[in-house]
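Here is the structure we will look at, set down as structure tokens.
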Amino acid sequence: MPSAAQRPDPPYRTIVAEIRARILTGDLRPGDRAPSIRQIAQRWGVAVATATKVTAALREEGLVEARVGSGTVVSARKQSTAPRPTISSTPSGPSDQALNRDDVVRKAIRIADTEGLDAVSMRRLAAELGVGPMSLYRHVENKDELLTQMADMAFGELELPEPGPDGWRAELELIARGQWQLCQRHLWLPEVVSFTRPLLAPNMMAQTEWTLRALDGLGLPMTTRLHEALTLHALVLGLARSMAEEAEAEQDTGMPLDHWTIALRTQAHDLLASGEFPLLATIPESTNLNDLFEYGLARHLDGFAALLSHASVSGT
């Protein structure tokens, strides 16, 4: 029998054990949606912070993973009946000494990718890394600097060729599509970027510099070139915000976009059949964000080409 002094497992471990058992017995199969943080909080009657800890523990064991557009799902990797040990939140000297800035930033990105930017805090990060919260301040001054470093590391994943492809249009298409893919991998990224208070993130600045060089030799003043670089970036980030909002909605409601669209069409049938909106009634399906991005990019570059043509004709 356990001694009277033995403490029961904390609530999050009990929940982890239940979900782990469902995965290992096949009740939840690879690719199935795992319970969201909100669903865990509601079903087990625990705080969101506790539910967040459950998801983090399952992820550390390799049982669940984040998937763009699907939220947290059961991992397709081979499951082991012996779970990996979770990272202790107790500070340890050796871990403190071995820690470096890249470790801190990579872990913060992993949390943000899986659970969203709101889940990233200095206390949570310290617990994930197994160090004391004050240890992190040797590597990042505050939360704002951490976010800047996260954005910088994320943008650093995009490698742009030197020299780029032939022609300004091919170069602008290349960087726009590259940044679009970045935002699909890191749904939190648009939330960090500001056009009024820009981040001093070298990797992001290097991409702006690359874009400005792509516009060399076109006879445009630097102000126009900068406006083009920033407007192209804004096109990507604006649509990427919608992608992030949709992923959050799917995670919170458990309803994929196609199911939501079917439900909406059922509700809107009478309204569309009234004849008040004859053109909207002919639309066969909801807009795909990738298609919308490609359309917006093409039309934007068509407009820029018209600007260049006008400048050439007018001699300015």
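The values are calculated or read from the model by the stated rules, or taken from the named source; none is laboratory data. Quick caveat: nothing in here was measured; it's all calculated off a predicted structure. Reconstructed Cβ throughout: ideal geometry from the backbone, glycine too, with neighbour counts over all protein chains shown. Surface accessibility is based on the protein's heavy atoms, side chains included, excluding ligands, DNA and RNA. Shrake-Rupley method; radii C 1.70, N 1.55, O 1.52, S 1.80 Å.
Within the stretch 45-56, which residues are farther than 16 Å from residue 33 by Cα and touching a Phe, Trp or Tyr at 6+ places or on another chain (Cβ under 8 Å)? Result: 46, 50, 53.
Residue under question is residue 173, and the condition is that it be open to solvent by 80 Å² or more (accessible area, probe 1.4 Å) and part of a helix (DSSP H, G or I); does it hold? For residue 173, the condition - open to solvent by 80 Å² or more (accessible area, probe 1.4 Å) and part of a helix (DSSP H, G or I) - is not met. Against the numbered list (1) surrounded by fewer than 16 Cβ atoms within 10 Å (Cβ to Cβ); (2) at pLDDT 90 or above; (3) among the aliphatic types (A, V, I, L, M); (4) closer than 17 Å to residue 123 by Cα, residue 134 comes up short only at (2).
For residue 161, the conditions (1) surrounded by 17 or more Cβ atoms within 10 Å (Cβ to Cβ); (2) at pLDDT 80 or above all hold with the exception of (1).
Conditions (1) farther than 14 Å from residue 19 by Cβ; (2) at pLDDT below 80; (3) open to solvent by less than 50 Å² (accessible area, probe 1.4 Å); (4) in contact with a Leu (Cβ under 8 Å, 6 or more places away or on another chain), marked per residue:
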{"residue": "53", "(1), (2), (3), (4)": "no, no, no, no"}
{"residue": "57", "(1), (2), (3), (4)": "no, no, yes, no"}
{"residue": "68", "(1), (2), (3), (4)": "yes, yes, no, yes"}
{"residue": "74", "(1), (2), (3), (4)": "no, no, yes, yes"}
